[in-house]
Amino acid sequence: MLIFLGDFILAWVALAIAVYIWAVAQLQELPLLEFIQARLQGWFFLLPIIWVILLVDSYDSRTSIDWRRTVRSIGVSAVIGLFIYLVVFFVSDTSLPRRGVAAFLAAASLFTLMWRFVYIQIFSGPRFMHNVMIVGAGETGTALVGVINKNRPPFNLIGLLDDDLEKQGTIIKGYKVLGTSKQLHVLAEANRVSEIIVAISGKMNPSTFQLLIEAQEKGILITRMPVAYEEMLERVPVQYLEADWILRSFVDQARVNSFYTIGKRLLDLVGGLVGTMSLIVLAPLISLAILVESGRPIVFQQTRAGKGGVYFKILKFRTMKNNKNQDEITRPASEHDQRVTKLGRILRKTHLDETLQFINVLRGDMSLVGPRPETPTLVDHFQAHVPFYRARLLVKPGITGWAQNHINYAANIEETTVKLEYDLYYIKHRTFMMDIGIILRTFAAVFGFRGR
């Protein structure tokens, strides 16, 4: 609520500054008061409300105390606001003020960043963060402590509990095993714990379950390890999930309503059409460059596994040397792959090699956003070595995706597992706004030459 009030008040300050800048730029036409009366329309006063609505994702308690996530959220909000304005500008019959809206977005973004910086500096200190204990000091609990050490979660970890008497008093990655679950209430009260993360793999002791229920009744938040892992890393912990997780939790939570399905397909059609039209300009230039450097073929086609494991032919501009060795073709690309041509490196950095996939999107084989499609051979290989890998095929593959926004290459099983964690997080949490955010972040990667 404090963050929201600060954002809302500063949004109105930004509006006042935007009106002043807009008016000063045209004072030669009308005096200030007359300008405001003549030019300022009622919808302009909705901008502060729209701004805080766009910031809704940043009001999460964990995001609001993380500077990196805060900057990303505010940046995405500003870009989405600009995108909405441009859409309205081009489809509306009335003339909309460019200076006024641009000044508001700039001022609102700046003031919000300044306010959030002050908030994080003040409220990210230990005295303002809630205390947390972990129940379970085994492999799962140890892995979670490792995640906490590598990140900056908005809480203080007090220590761990475990019923194994040999672990009592031991130090796990800097945190002490304080006692057994029987001491849960005493330790929670003594350390003012407001959240307990349960990191127990396998069957839970009934008495431990009872103690956790009683703690919840007293107002302590009980969080499962996979949930805490997801919130900190925006990934799903596939290595620490129970065998029935994919049915008991993931499938149920990953369902989406028909409005999202329709909206996503409409977004695919619009994006596919715009992308395909861009090929009128891009295709001749890219084709000529490929011919000059390495000859034919220009287009690379390969069988990939789509939604439900259905095969389709993916289209790409060829970026590798024309190698007829099938093993070389199907081997995953690496960051400094020697098979990639000089032009291919440029095409990959700018993602221009993937523009032909807009045709796959129009056909319905792919979506704009989703997990990257892999070859059937690699799918079979990873299914045998990576838990829950098949779950990637629950949705259509995409040109870009949540995993692509976070990691470029997966050259081995470990990196493939991390990429899968991002893919499953997207499938579980996907929304229309999340899709838009991924597309916008992809544009930033393209224009920043951060492609693979």
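Please specify each residue of the stretch 67-88 satisfying the condition of being within 16 Å of the chain's Cα centre (by Cα) and open to solvent by less than 30 Å² (accessible area, probe 1.4 Å).
Kept after step one, since they are within 16 Å of the chain's Cα centre (by Cα), are these residues of the stretch 67-88: 67-77, 79-80.
Correct list: Arg69, Thr70, Ser73, Ile74, Ser77, Ile80.
Mind checking which residues of the stretch 44-66 are closer than 20 Å to Ala16 by Cβ, open to solvent by less than 20 Å² (accessible area, probe 1.4 Å) and in a helix (DSSP H, G or I)?
Here is the first cut: in the stretch 44-66, the residues closer than 20 Å to Ala16 by Cβ are 44-55.
From what is left, the residues that are open to solvent by less than 20 Å² (accessible area, probe 1.4 Å) are 44, 48, 51-52, 55.
Within the stretch 44-66, Phe44, Pro48, Trp51, Val52 qualify.
Exactly one of these conditions fails for Ala384: (1) in a helix (DSSP H, G or I); (2) open to solvent by 20 Å² or more (accessible area, probe 1.4 Å); (3) closer than 28 Å to Asp268 by Cβ. Give me its number.
(3)
List the number of the failed condition for Lys264; all other conditions in (1) among the basic types (Lys, Arg); (2) at pLDDT 90 or above; (3) farther than 30 Å from Ile359 by Cβ hold.
With (1) among the basic types (Lys, Arg); (2) at pLDDT 90 or above; (3) farther than 30 Å from Ile359 by Cβ applied to Lys264, the lone miss is (3).
List the pairs whose first member sits in the stretch 310-326 and is more than 30 Å from Ala391 (Cα to Cα), whose second member is at pLDDT 70 or above and of a type outside the set (Gly, Ala, Ser), and whose Cβ atoms are under 8 Å apart, counting only residues at least 6 apart or on separate chains?
Lys321/Arg339; Lys321/Val340; Lys321/Thr341; Asn322/Arg296; Asn322/Pro297; Asn323/Arg339
Here is a check on your reading of the model: is Lys349 in contact (Cβ under 8 Å) with a residue 12 or more places away in the chain, within 30 Å of Pro284 (Cβ to Cβ), in contact with a Gly (Cβ under 6 Å, 6 or more places away or on another chain) and open to solvent by 10 Å² or more (accessible area, probe 1.4 Å)? Walk me through it before giving the result.
Numbers: in contact (Cβ under 8 Å) with a residue 12 or more places away in the chain: yes; within 30 Å of Pro284 (Cβ to Cβ): yes; in contact with a Gly (Cβ under 6 Å, 6 or more places away or on another chain): yes; open to solvent by 10 Å² or more (accessible area, probe 1.4 Å): yes.
When the stated conditions are applied, Lys349 passes them.
What residue, among those in the stretch 309-340 that are at pLDDT 60 or above and hydrophobic (A, V, I, L, M, F, W, C), is most open to solvent (accessible area, probe 1.4 Å)?
Selected residue: Val310.
Taking the stretch 208-222 as the region of interest, how many residues are assigned to a helix (DSSP H, G or I) and either over 16 Å from Leu161 (Cα atoms) or without any contact (Cβ under 8 Å) to a residue 60 or more places away in the chain (or both)?
Restricting attention to the stretch 208-222, the residues satisfying the condition of being assigned to a helix (DSSP H, G or I) are 208-217.
Filter once more, so that each one left must be either over 16 Å from Leu161 (Cα atoms) or without any contact (Cβ under 8 Å) to a residue 60 or more places away in the chain (or both): 209-211, 213-217.
The number of residues fulfilling the criteria is 8.
Might you let me know whether the stretch 238-247 holds any residue that is part of a helix (DSSP H, G or I) and modelled with pLDDT of 85 or more? Working first, answer last.
Step one: of the stretch 238-247, the residues part of a helix (DSSP H, G or I) are 238-240, 245-247.
If we keep only those that are modelled with pLDDT of 85 or more as well, we get 238.
Taking every residue of the stretch 238-247 in turn, at least one turns out to be part of a helix (DSSP H, G or I) and modelled with pLDDT of 85 or more.
Name the residue that is farthest from the chain's Cα centre (by Cα), counting only residues in the stretch 295-308 that are open to solvent by less than 50 Å² (accessible area, probe 1.4 Å) and farther than 15 Å from Asp365 by Cα.
Gly295
Under the condition of being free of Cβ contacts under 8 Å to residues at least 24 places away in the same chain and not in a helix (DSSP H, G or I), which residue from the stretch 402-428 is nearest to Glu231 (Cα to Cα)?
Ranking the candidates gives Ile407 first.
Considering the stretch 387-401 alone, what residues qualify as being of a type in the set (Ser, Thr, Tyr) and outside any helix (DSSP H, G or I)?
Thr400
Looking at the stretch 128-140 only, could you name the residues that are touching a residue at least 40 places away in the same chain (Cβ under 8 Å) and out of contact with any Ser or Thr (no Cβ under 9 Å at 6 or more places or on another chain)?
Filtering the stretch 128-140 for residues touching a residue at least 40 places away in the same chain (Cβ under 8 Å) gives 129-140.
Once the filter is applied, which keeps residues that are touching a residue at least 40 places away in the same chain (Cβ under 8 Å) and out of contact with any Ser or Thr (no Cβ under 9 Å at 6 or more places or on another chain), the stretch 128-140 yields Met129, Met133, Ile134.
Can you tell me which of (1) open to solvent by 20 Å² or more (accessible area, probe 1.4 Å); (2) modelled with pLDDT under 90 is the one Ala391 doesn't meet?
Of the numbered conditions (1) open to solvent by 20 Å² or more (accessible area, probe 1.4 Å); (2) modelled with pLDDT under 90, the odd one out for Ala391 is (1).
The values are calculated or read from the model by the stated rules, or taken from the named source; none is laboratory data. All values derive from a computational prediction rather than experimental measurement. All Cβ positions, even for glycine, are placed from backbone atoms using ideal geometry, and neighbour counts span all protein chains on display. Side chains included, ligands, DNA and RNA excluded: accessible areas come from the protein's heavy atoms. Shrake-Rupley method; radii C 1.70, N 1.55, O 1.52, S 1.80 Å.
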